[in-house]
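Notes follow once the structure below has been shown.
The values are calculated or read from the model by the stated rules, or taken from the named source; none is laboratory data. All values derive from a computational prediction rather than experimental measurement. Note: ideal-geometry Cβ built from the backbone for every residue, glycine included; neighbour counts use all protein chains shown. When the accessible area is computed, the model is the full protein with side chains, heavy atoms only, and any ligands, DNA or RNA have been set aside. Shrake-Rupley method; radii C 1.70, N 1.55, O 1.52, S 1.80 Å.
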Amino acid sequence: MQDLVQRLVAEERRTTNDSEAGGRAAFRVCEKMRRPLSNFAGAAGFRSLLSRALVLAKADAPLLGGVKIKPDGTIEYSAELEARLATDEAARAGAALADRLLGLLITFIGEALTLRLVQDVWPK
């Protein structure tokens, strides 16, 4: 799963010409999964899944303490985290969140359907 997340983060960095450490790109992976997952499980379902992924990922990345999930499922950053999005630590935190989100998806809907949803967002 970590390999897939790293590939998705790299793709996000490439498509947006992000020369920073990848913090924004890593969080963007989760943001981009919102549309297909909301279509699949509803906005509340996506929010619940992302919220659970956030709780699990905080153990690996304390920086995620500065993240909140809004009612519509978007990610809200604390001022401290916003200022640190260009750091390697933020990149690892975002990747941990994306890893947990995709891991939960595999648990609930299986690997094949999860990969199909990922492929809808990143066809390459």
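In table form, for the structure just shown:
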{"item": "Positions within segment 71-104 being crowded, with 18+ Cβ neighbours inside 10 Å, out of contact with any Asp or Glu (no Cβ under 7 Å at 6 or more places or on another chain) and closer than 21 Å to P36 by Cβ, in sequence order", "result": "G73, G94, A95, L97, A98, D99, R100, L101, L102"}
{"item": "Selection status of A53, at pLDDT 90 or above, in contact with a Cys (Cβ under 9 Å, 6 or more places away or on another chain) and within 25 Å of E80 (Cα to Cα)", "result": "yes"}
{"item": "Scope segment 107-121; condition under 16 Å from the mean Cα position of the chain (by Cα) and surrounded by 15 or more Cβ atoms within 10 Å (Cβ to Cβ); matching residues", "result": "T114, L117, V118, V121"}
{"item": "Extreme residue, modelled with the lowest pLDDT, among residues of segment 1-33 that are of a type outside the set (A, V, I, L, M, F, W, C) and surrounded by 20 or more Cβ atoms within 10 Å (Cβ to Cβ)", "result": "G22"}
{"item": "Close pairs from segment 1-28: first in a helix (DSSP H, G or I) and polar (S, T, N, Q), partner open to solvent by less than 70 Å² (accessible area, probe 1.4 Å) and modelled with pLDDT of 80 or more, Cβ under 6 Å, at least 6 apart", "result": "Q2/D99"}
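Matching residues to (1) under 18 Å from L50 (Cβ atoms); (2) assigned to a helix (DSSP H, G or I); (3) of a type in the set (G, A, S):
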{"position": "E82", "(1), (2), (3)": "no, yes, no"}
{"position": "E89", "(1), (2), (3)": "no, yes, no"}
{"position": "A93", "(1), (2), (3)": "yes, yes, yes"}
{"position": "A98", "(1), (2), (3)": "yes, yes, yes"}
{"position": "F108", "(1), (2), (3)": "yes, yes, no"}
{"position": "L115", "(1), (2), (3)": "no, yes, no"}
{"position": "Q119", "(1), (2), (3)": "no, yes, no"}
{"position": "K124", "(1), (2), (3)": "no, no, no"}
